[in-house]
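S.K.: Attaching a single structure in structure tokens format; questions to follow.
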């Protein structure tokens, strides 16, 4: 079976490995990579996904033709190791060498070589030719525990009320805000955050993961294997009001802080969540049921947004596609065709979906960043999708986009809009006023409107009607014919 | 340790080369190929490579969907590289208006082997052109622009074209306003048509062999230049950069294209006066390190030196090449002490220690290092490519930007002090 992919939406386990290891300040990575796999994963992309100048604790072996054709990568890795050591860059660091697709392609397994470089140095075979970023993250988190934590775990005493968070790594969309909110929820439920692994941890402290009474796994895509290894109760981070309430209650139950948890939920309803209650009671809430939503994001976000926006608020979920894709979901070709033909009001997605909307000329659909790939800064902690604050942020963002859409459909006198297509003036002597439409012509107009998202239809119906009539009048017709209607409407953007 | 790994000694005075600096080399080719109207590239590579290259193409290249033959263990070991690539080509050819399908063969496909004769020459209405850019064999992204362009010319240009007098092909990806300015000036000298390669038009590639001369604006198009020489098309040396460089360049074009020498001299002198006026109006007095990885760093250094700056150190990702030599000689004779090709981050950091510059034009890791010392720094790729550069107009725009950045020094110092305090506390 030929294997074709359009706009690769998720990366490999090599990237997952270095995006995990790079967050640990007491690790230094040698990636067994050509210059490109080093630059893209350690600088060019994290510049724009994580808003960092580069990942500093990673050095490439720089695979060149010699390594591919003659020597293999062992000598290059040794050279880099010696230079790093001589420059003092390995002082107090755990050295981990990671394979890449290209090193795997030439069969470079450096397990034995790396263990001889310095005590404790290890080789991580990233399986980059086979595994995706989700499997990759899950596997390296578990590998770190097995190799650096498990043997000391027995010496750690479980502390009551203490909770770990597993995830994020680099390259996790919106992680700063979601992490911040989940920490707040844990504290609200009566817990205390112990380790955020790997993002705010040191590898030398990994055994302390065993101190926690409960683990929160931030994403459904990875971290579960580590959580299982830790042998304590664990739970996924929540999205939406219902899921968040259940999350806080469950934590309270496990930690023995039920009263605190219930008090927190009550207090949140009266404070943070008041905005949702107010918007629900106000005119904004009346729009929700008329809005269609498409979601392309991690399974964590797809499930959370579908539950919150769909079930709790009543928006209509037009389609969802998860990363990694679930077998029942449409493939990229179908997704692209759908966004070209009939985009919903709101499209949560990545740069790829944004491009498909541009290709289809979808001026009326609102694109909301919700996934990588794509350049975006999300370092402020004020844009969570998770938790109670996430419930407020998500709906606030939707309402503001509605306002924006409404603004854009208000008529603007065409004399002020040089970039718009002016409605042609009727020719002299032409019939004025509303023209009658043949029923076929009216059907063409209805079909054109049907393909537009709600809201856009309101003003589009008037504008499209005027455009068609203007052309008909210009040609001196006494009624709108199907020919004129289709001719004008076919050129309209969505 | 065994002796086979002891070749760590660096050339004298040069530090360890731990972190070579270039975008993924393949990106240069992909960018050029994605920007051509009617071109729908097909990549052949593994998951991580496709993700990264698609990402940067959607950032820097084009709003264009990118198809690929996805090569994992199953495809590579099961001999399905060709089958997948062919299927992706068929799919790409169905895109509206598709006239070109460049097939970009990357590291794992090249290592596994992608036989050109197994690919179609045509698909639908499109020409299929194979471009081989393994990052392990080509060491910088500017150089793959040359690989891509020469592959297109080899295949698409009508070599039997009639040579047209007083026409000129400009060579290099430049700021969009630059070719307009150059064209305007050349027409006043009597040139009848210019074209810029690589550009957005396939037609320009097809007509490439009909131009009377070639003027490389960037020094890393050695294969492309060789093509034009094979076609007996003369190549203009230098580039319209700075005061003396522009004057000499205009005169060379005048003589190559046999334009009226009186008119040429008049236009060249007027332009020289304008450039001189730009420098007189805003002379630079600063020490600047020019350390990008775009391959045109020496030309920028040259302009800055002419404007009065001290540029003790220039580094670039490309290798030494005869096309760069004139700029190198010019710079060395005017005080530039080090010019480093195929540079690494360590080379640049050593220069930062050694020269204490007032301004750095560099890569993102290096600019971050300069800013950590409170030194104004700009990412060469994003900031300089986004401004006119050539002729007096480009000089004015670039020098104004440099001066503005230098004037921002107190802000860089305040930031550095603020965040250092925060770290120490």
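Each reported figure results from applying straightforward, stated rules to the coordinates on display, with no laboratory input. Nothing here was measured: the structure is a model prediction, and the numbers come from that model. When we count neighbours, we look across all protein chains shown, and the Cβ atoms used for this are built from the backbone with ideal geometry, even at glycine.
S.K.: Identify which of B:139, B:40, B:70 has the largest mean-square fluctuation in a Gaussian network model of chain B, with springs joining Cα atoms closer than 10 Å.
M.R.: B:70
S.K.: Relative contact order for chain B: what percent, with Cα pairs under 8 Å and sequence separation of 6 or more?
M.R.: It rounds to 14 percent for chain B.
S.K.: To continue, here is another question. Rounded if a/c is under 1.5, else prolate if a/b beats b/c, else oblate: with a ≥ b ≥ c from the C-alpha gyration tensor eigenvalues square-rooted, which is region A:423-489? Could the numbers behind the result be given before it?
M.R.: Values: a/c = 2.46, a/b = 1.66, b/c = 1.48.
Note, shape of region A:423-489 comes out prolate.
S.K.: So if I take the centroid of the Cα atoms in region A:220-294 and the same for region A:1-43, what is the distance between those two points in Å?
M.R.: A separation of 33 Å, based on Cα centres.
S.K.: Mean-square fluctuation check for chain B, GNM, Cα pairs under 10 Å: which of B:87, B:68, B:377 is largest?
M.R.: Comparing B:87, B:68, B:377 in the GNM, the peak value goes to B:87.
S.K.: Between residue A:333 and residue A:158, what is 0.36 nm times their sequence separation minus the Cα-Cα distance? Round to one decimal in nm. Write down the numbers at each step before the final one.
M.R.: Details: separation 175, 0.36 × 175 = 63.00 nm, distance 5.00 nm.
Full-extension gain reported as 58.0 nm.
S.K.: Given a Förster distance of 25 angstrom, what is the FRET efficiency for residue A:442 paired with residue A:406, based on the Cβ-Cβ distance and rounded to 0.05?
M.R.: 0.45
S.K.: Additional query: Just to be sure I understand: with springs between alpha-carbon atoms less than 10 Å apart, which residue in B:328, B:160, B:143 has the highest mean-square fluctuation in the Gaussian network model of chain B?
M.R.: B:160
S.K.: Rounded to two decimals, what ratio of Rg to Rh does region A:12-105 give with C-alpha atoms and a Kirkwood Rh?
M.R.: My calculation puts Rg/Rh at 0.96.
S.K.: Please report the antiparallel percentage of DSSP beta bridges with both residues in the protein assembly as shown, rounded to the nearest 5. Write down the numbers at each step before the final one.
M.R.: Details: 7 of 84 bridges.
Given both bridge residues lie in the protein assembly as shown, the antiparallel proportion sits at roughly 10 percent.
S.K.: Using a 10 Å cut-off around each Cβ, can you sort A:11, A:23 from fewest to most neighbouring Cβ atoms?
M.R.: Starting with the residue having the fewest Cβ neighbours, the order is A:23, A:11.
S.K.: Between 0 and 90 degrees, rounded to the nearest ten: what's the tilt of helix A:74-86 against the longest Cα principal axis of chain A?
M.R.: Helix A:74-86 sits at roughly 80 degrees to that axis.
S.K.: Quick one: helix A:387-409 against the long Cα principal axis of chain A, what's the angle to the nearest 10°, folded into 0 to 90?
M.R.: Helix A:387-409 and the main axis of chain A meet at about 30 degrees.
S.K.: From Cα coordinates alone, what are the radius of gyration and Dmax values for region B:130-208 in angstrom?
M.R.: Just the Cα atoms of region B:130-208 yield Rg and Dmax of 14.5, 46 Å.
S.K.: In deg cm²/dmol and to the nearest 500, what is the mean residue ellipticity at 222 nm of the protein assembly as shown if only DSSP H runs of at least 4 residues count, each as -39500 (n - 2.57), divided by the residue total? Could the numbers behind the result be given before it?
M.R.: Values: 38 runs with 406 residues, N = 919.
Calculated at 222 nm, the ellipticity per residue is -13500 deg cm²/dmol.
S.K.: Okay, next question. Once you sort the root eigenvalues of the Cα gyration tensor of chain A as a ≥ b ≥ c, which label holds: rounded (a/c under 1.5), prolate (a/b larger than b/c) or oblate (the other case)? Walk me through the numbers on the way to the answer.
M.R.: Numbers: a/c = 3.17, a/b = 1.67, b/c = 1.90.
The shape class here is oblate.
S.K.: Is there a simple number for the mean count of other chain Cβ atoms within 10 Å of the Cβ of residues in B:58-64, and what is it?
M.R.: 4
S.K.: For chain A, what does the relative contact order come out to in percent, with C-alpha contacts under 8 Å and a separation of six or more?
M.R.: Numbers: 886 pairs, mean separation 68.9, N = 494.
This gives 14 percent for chain A.
S.K.: Taking the radius of gyration and the Kirkwood hydrodynamic radius from Cα positions alone, what is the Rg/Rh ratio for chain B, to two decimal places?
M.R.: 0.99
S.K.: Exposure proxy check: B:300, B:60 ranked by fewest other beta carbons within 10 Å?
M.R.: Numbers: B:300 24, B:60 18.
Fewest-to-most Cβ neighbours within 10 Å comes out as B:60, B:300.
S.K.: Sticking with this one: How large is the translational diffusion coefficient of region B:336-378 in µm² per second when you combine the Kirkwood radius over alpha carbon pairs with Stokes-Einstein at 25 °C and 0.890 mPa s?
M.R.: This corresponds to a translational diffusion coefficient of 234 µm²/s.
S.K.: Just to confirm my numbers, what's the Cα centroid distance between region B:382-414 and region B:68-128 in Å?
M.R.: 43 Å
S.K.: Relative contact order, percent, of region B:25-140 when contacts are C-alpha pairs under 8 Å separated by at least 6 residues?
M.R.: Worked out over region B:25-140, it gives 32 percent.
S.K.: If we count other beta carbons within 10 Å of each Cβ, what is the order of A:480, B:311, fewest first?
M.R.: Ascending Cβ contact count within 10 Å gives the list A:480, B:311.
S.K.: Antiparallel as a % of all DSSP beta bridges within region B:39-143, to the nearest 5?
M.R.: So the antiparallel bridges in region B:39-143 amount to around 10 percent.
S.K.: Rounded, prolate or oblate: which fits the protein assembly as shown, taking a ≥ b ≥ c as square roots of the Cα gyration tensor eigenvalues, rounded meaning a/c under 1.5, else prolate when a/b beats b/c?
M.R.: In terms of gyration-tensor shape, oblate.
S.K.: Relative to the longest principal Cα axis of chain A, at what angle does helix A:456-474 sit, 0 to 90 degrees, rounded to 10?
M.R.: Here the helix axis deviates by roughly 40 degrees.
S.K.: Quick one: of the DSSP bridges fully inside region A:13-131, what percent are antiparallel, nearest 5?
M.R.: Close to 0 percent.
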